[in-house]
Amino acid sequence: MRRTVIAGNWKMFKTVDESVELVTALKPLTSNLKPNVDVIVCPPFTSLAIVANLLKGSNVKLGAQNMSEQDEGAYTGEVSWKMLKSAGCEYVILGHSERRQYFGETNELINLKAKKALANGLRPIICVGEKLDEREKGVTEQIISTQIKGVLGGISSDDLKKVIIAYEPVWAIGTGKTASPLQAEEVHQHIRKLVAQLYSWNVAEGLVIQYGGSVKPDNAAELLAQDDIDGALVGGACLKADSFASIISASPSR
Ligand code: PGA
């Protein structure tokens, strides 16, 4: 059975002091996780090392929000896989819609980053999702297929076992509009079928697909109850320990 993975994307929030405060409050609230649930926090780069230190001996894992596709070099402002690993990260979010929209990230670049992460022992959480006009035009499945094929190109079945896909409809991110559990489930099923075609049913059955976009304590249980929704990528509601903890406890015991 697939695990349920709840990840918190802190985005560009929380200074070092605020990060310490949040993670200190979160630790006792996550000391008794259901056995099928994994929890990840993804603070900004500046807080990774200190958060990693605070998380030692806890049930919470650490991820970053982005990573360079290069190993090292004269790339001012970039952060490499080696830096993330040395700061204590196991996961990295790649291709978030904000990276695509504001920083011009393409499926090709996200694919290079994903391959770099996998080759170096970091588990990528790769984001896909359609924009509002695309949903209204009825091309959601086409858009998602193009993104999935693009970001997974050249990734082996073995490596795919370490990948998490996050389906995040762009119109639902930070807007308070959530996809209905049925709308989300339909896209998750589409992704799983596509991965089955590209790889095998076995691989597709094992793939963790998170939903993201205005997940809150009051809608998490219904979303997470869907067969193909295996977790959540949470933005706004992960910035307070108690609301993130209520989302975590809304995970079904499978
Ligand atoms: P949100 O963000 O929960 O604030 O909508 C989700 C995300 O962007 O990962």
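Note on region 57-156: Rg/Rh from C-alpha atoms, Kirkwood Rh, equals 1.02. Across the accessible surface of region 4-249, with the other protein chains kept in place and a 1.4 Å probe, carbon and sulfur atoms take up 52 percent.
Across region 48-62, computed HN-Hα scalar couplings (Karplus, 6.51 cos²θ - 1.76 cosθ + 1.60, θ = phi - 60°) run 4, 5, 6, 5, 4, 4, 5, 7, 4, x, 9, 8, 9, 9, 10 Hz from first to last residue, x flagging Gly and Pro.
Working note: Debye formula, equal point scatterers on the alpha-carbon atoms of the chain, no solvent; log10 I(q)/I(0) at q = 0.08 Å⁻¹ is -0.27. Subtracting the Cα-Cα distance of residue 75 and residue 32 from 0.36 nm times their residue separation leaves 11.3 nm of extension gain.
Our estimate of slack between residue 189 and residue 253, defined as 0.36 nm per intervening residue step minus the Cα-Cα distance, is 21.0 nm. For residue 212, the residues whose amide H sits under 5 Å from its own are 167, 168, 233, ignoring neighbours fewer than 5 places away on the same chain, with H placed 1.01 Å from N.
If you place +1 on the Cβ of every Lys and Arg, -1 on the Cβ of every Asp and Glu, and leave all else neutral, what size is the dipole of the chain about its Cα centre, to the nearest 20 Debye?
Here the size comes out at about 480 debye.
Structure remark: mean-square fluctuation, Gaussian network model of the chain, C-alpha springs under 10 Å; the largest value among 132, 109, 223 belongs to 132. Put a dot 7 Å past the Cα of residue 45, heading toward its Cβ, do the same for residue 157, and the two dots end up 3.8 nm apart.
Using a probe of 1.4 angstrom and keeping all protein chains present, the accessible surface of the chain works out to 45 square angstrom per residue. Residues whose amide H falls under 5 Å from that of residue 8, counting only those 5 or more places apart or on a different chain, are 40, 41, 42, 234, with hydrogens built in the peptide plane.
Taking 235, 121, 213 as the candidate residues, the one with maximal mean-square fluctuation in a Gaussian network model of the chain, Cα springs under 10 Å, is 121.
The values are calculated or read from the model by the stated rules, or taken from the named source; none is laboratory data. This one's a predicted model, so the numbers in the text were calculated from it and none came from an experiment. Positions of Cβ are generated from backbone atoms using ideal geometry, with glycine treated the same way; all protein chains shown enter the neighbour counts. Ligands, DNA and RNA are excluded from the accessible area calculation, which covers all protein heavy atoms including side chains. Shrake-Rupley method; radii C 1.70, N 1.55, O 1.52, S 1.80 Å.
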